[in-house]
């Protein structure tokens, strides 16, 4: 799998929604020993190390049930087509982002959100406004 400094180096990444991203990140570090990897915006997201190889993203939001899983994949087009063919509801179609990832989001049969990401290029977080810690 291609590497990108703007994305955690693991394949499955839970995205946990909290109303206050900074407060949640601080609590998760204190309570579970997570470590901040990258801050994105003042309140938007915080990427965190969870143990030696795990990762968690804490994202801003207040809606219950909006947690999601981010999964790193290869061959975005084939993956997206398979998901749609299987009945996934498209939330966001494949889109290339400034941080070097092409991503799409769908809802499964039960309404759970799934985000998929494919590395296109390695981008330093500072190139798009991230702050590496």
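Values in this text are rule-based calculations from the coordinates and carry no lab data. For clarity, every value in this text was computed on a predicted model and none was experimentally measured.
Report, to the nearest 10°, how far helix 76-85 tilts away from the longest principal axis of the Cα atoms in the chain, using its own Cα long axis and a range of 0 to 90°. Taking the Cα atoms of the chain, the angle to 76-85 is about 60 degrees.
Over the Cα atoms of the range 17-60, the radius of gyration divided by the Kirkwood radius equals 0.93; this is the Rg/Rh ratio. The calculated P(r) of the chain, using every Cα pair and 10 Å bins from 0, goes 13, 42, 35, 10, 0 in percent. Taken along its three principal axes, the alpha carbon spread of the range 50-98 comes to 33, 29, 25 Å, from the longest extent down to the shortest.
Relative to the first principal axis of the alpha-carbon coordinates of the chain, what is the inclination of helix 21-32, with its axis defined by its Cα atoms, in degrees from 0 to 90 and to the nearest 10? Around 70 degrees separate the two axes. Here is the P(r) of the range 61-133: all C-alpha pair distances, binned every 5 Å from 0, give 3, 15, 23, 21, 17, 12, 6, 2, 0 in whole percents.
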